[in-house]
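A short worksheet on the structure shown next.
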Amino acid sequence: MTRLLSAAFIGLIFGAGLAISGMLNPEKVQGFLDITRIWDPSLAFVMVGGIAVTLIGFPIVLKRPNPIFAEMFQLPKLTKIDRPILIGAALFGVGWGLGGLCPGPAIASLSTNFSAVLLFVVMMLIGLWAGAKIKL
Amino acid sequence: MTIDWVNFTPIASLIGGVMVGCAALLLMALHGRIMGVSGIAGALVRTPKSKDTGWRLAFIIGLLAGPLFIAALSGPVESIFVADGMLLAIAGLLVGVGTAIGSGCTSGHGICGISRLSLRSITATCTFVAFGMITVFIVGG
């Protein structure tokens, strides 16, 4: 139960952070990507704030033998820059630019702007399911 | 290029970013996992019977509650959609397919991967930001 409650609490901090940062606003996200016209650099500050915490914190946390509620740390094993990562990131970038939403903010927006974001989230979940079956 | 001073929110965005970072750090410290939403949501769709479904669902419920909490404290969270209909559907599909093939999104690659100094995540982040910028350049801001 503590394990589940802690995961929900972590999600809550994440969702609240996204809301404060402005990432739940597709118009603002597109303003960040609109670098050639009128550029809103705010989202770079979200990245910097997030990375600052984990850049310092991850090495400290990963010195422990294991996480508090699980047997071991599960870190990505792949290190190669292969075709899937380049093609996948490019496709994601196009979708991000078109909709102004990435997965976290899209799901979080279900609670504040359900009717507007529902179609996006449904299509995203279909894409997540189907994309895993595509071999490049 | 001109800076959009009217909409620029450096302090709020920095505070929000720090909270996102704290969430990612806590998920690693407590659960030993990378906080990647495309990974978490994708796993829920693909392997709903996994023993990890519990914490994943709990995380999503928290993620949904977060913006409501902020809205209760400081009023409605601004959310202006530029795309709708077919365009929004295509955008969603591309985000899903792209993050599934590219094994991550803004949170997993952009925050967690970069801070682990993963060259793979740094490459992915540069790629999706570049393609996002090109897309907005083409379709108009």
Original post:
Which of (1) modelled with pLDDT under 95; (2) under 17 Å from residue B:22 (Cβ atoms); (3) not β-branched (Val, Ile, Thr) is the odd one out, the single condition residue A:37 does not satisfy?
Top reply: (2)
Original post:
Is the stretch A:15-24 home to any residue that is more than 7 Å from every other protein chain (Cβ to nearest Cβ) and in a helix (DSSP H, G or I)?
Top reply: no
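Residue by residue, here is whether (1) under 18 Å from the mean Cα position of the chain (by Cα); (2) among the aliphatic types (A, V, I, L, M) holds:
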position: B:80; (1), (2): yes, yes
position: B:87; (1), (2): no, yes
position: B:96; (1), (2): yes, no
position: B:100; (1), (2): yes, yes
position: B:126; (1), (2): yes, no
position: B:140; (1), (2): no, no
Original post:
So residue B:95 clears everything in (1) within 23 Å of residue A:82 (Cβ to Cβ); (2) outside any helix (DSSP H, G or I); (3) not hydroxyl-bearing (Ser, Thr, Tyr) except one condition, right? Which one?
Top reply: (2)
Subject >> Selected residue [more than 23 Å from residue A:32 (Cβ to Cβ), more than 7 Å from chain A (Cβ to nearest Cβ) and part of a helix (DSSP H, G or I)] from B:28, B:86 >> reply: B:86
Subject >> One residue from A:89, A:52 being farther than 22 Å from residue B:84 by Cα, at pLDDT 95 or above and open to solvent by less than 20 Å² (accessible area, probe 1.4 Å) >> reply: A:89
**OP:** Working carefully through the options A:78, A:98, A:136, A:110, find the one that is at the interface with chain B (Cβ under 7 Å from one of its Cβ atoms), in a helix (DSSP H, G or I) and either open to solvent by 70 Å² or more (accessible area, probe 1.4 Å) or within 20 Å of residue B:55 (Cβ to Cβ) (or both).
**Re:** A:110
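The values are calculated or read from the model by the stated rules, or taken from the named source; none is laboratory data. Given the structure is predicted, the values throughout are model-derived calculations rather than measurements. With ideal geometry, Cβ positions are generated from the backbone for all residues, glycine too; neighbour counts draw on all protein chains shown. Just so you know, the surface numbers come from the protein's heavy atoms only, side chains and all, with ligands and any DNA or RNA stripped out. Shrake-Rupley method; radii C 1.70, N 1.55, O 1.52, S 1.80 Å.
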